[in-house]
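A short worksheet on the structure shown next.
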Amino acid sequence: MIRVKFSNMELSQCKQAAMGRWQLARVSGIANQRRDSGRDDYSIDFIGVKSEMAVAKVLKIDYSPHALGIDDGADLYESDVSIDVKATFHKNGKMLFKSIDSFKSDICVLVTAPYHENEANVIGWISKKNFKEQAKIVDLGHGNCFVVEQSDLMDLRDLWIGLTRKRLGKKK
């Protein structure tokens, strides 16, 4: 796990982007896909943007929180590797998808943001192939979904090394 701290400017960008995403999606009639019915849409969008920024900071990926529109299942790209970012407010939250087919990116990174507004914890990652093999069907109170526990995620150092080698055109 890597704890990421945000500057006041970064937090402001995240808040502005979350409000823009919330407004655009609602005007377009697109419902938020949240599993947490105890939070409002803006809070869900804010943790999502903040988590994307945290992953981009850790992996040294160019990122603009102001990208608009509905994504294709990927929040970030590095060297043609698509990355989905999943966020949870819960310290021990799990990586979850509504279905196996909902995992559309090459990899997914889990981020928790349970405490302070200016922090996020980038927990670990998993490939689509490994998620399909390891995910368990559970009902966390909002219907069945596919989950992988934090303890089953890969170390971020491995992802960073792999992406850096790919970016530099190096093989193992």
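The values are calculated or read from the model by the stated rules, or taken from the named source; none is laboratory data. Quick caveat, the model's predicted, so the values are computed rather than measured. All Cβ positions, glycine included, derive from the backbone under ideal geometry; neighbour counts span all protein chains shown.
Points worth noting:
- Residue identified as within 30 Å of Lys132 (Cα to Cα), modelled with pLDDT under 90 and not basic (Lys, Arg) among Asp101, Asp75, Asp41, Asp84: Asp41
- Flag: Gln33 matches the condition of being assigned to a loop (DSSP other than H, G, I, E, B) and either among the aromatic types (Phe, Trp, Tyr) or at pLDDT below 95 (or both).
- Of the listed requirements (1) at positive phi; (2) surrounded by 14 or more Cβ atoms within 10 Å (Cβ to Cβ), Gly143 misses just one: (2).
- Any chance Asp101 is among the acidic types (Asp, Glu) and within 21 Å of Val147 (Cβ to Cβ): yes
- Identity of the residue in segment 65-105, among the charged types (D, E, K, R) and in contact with a helix residue (DSSP H, G or I) (Cβ under 6 Å, 6 or more places away or on another chain), that ends up surrounded by the fewest Cβ atoms within 10 Å (Cβ to Cβ): Glu78
- Any hit, segment 114-131, residues being of a type in the set (Lys, Arg) and either exposed (fewer than 12 other Cβ atoms within 10 Å of the Cβ) or within 21 Å of Asp45 (Cβ to Cβ) (or both): yes
Residues are listed down the side, and each one gets a yes or a no for (1) free of Cβ contacts under 8 Å to residues at least 60 places away in the same chain; (2) part of a loop (DSSP other than H, G, I, E, B); (3) within 22 Å of Val4 (Cβ to Cβ):
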residue	(1), (2), (3)
Tyr63	yes, yes, yes
Lys91	yes, yes, yes
Asp101	yes, no, no
Lys104	yes, yes, no
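- Put simply, of Leu153, Leu159 the only residue that is touching a residue at least 24 places away in the same chain (Cβ under 8 Å), touching a helix residue (DSSP H, G or I) at 6+ places or on another chain (Cβ under 8 Å) and not β-branched (Val, Ile, Thr) is Leu159.
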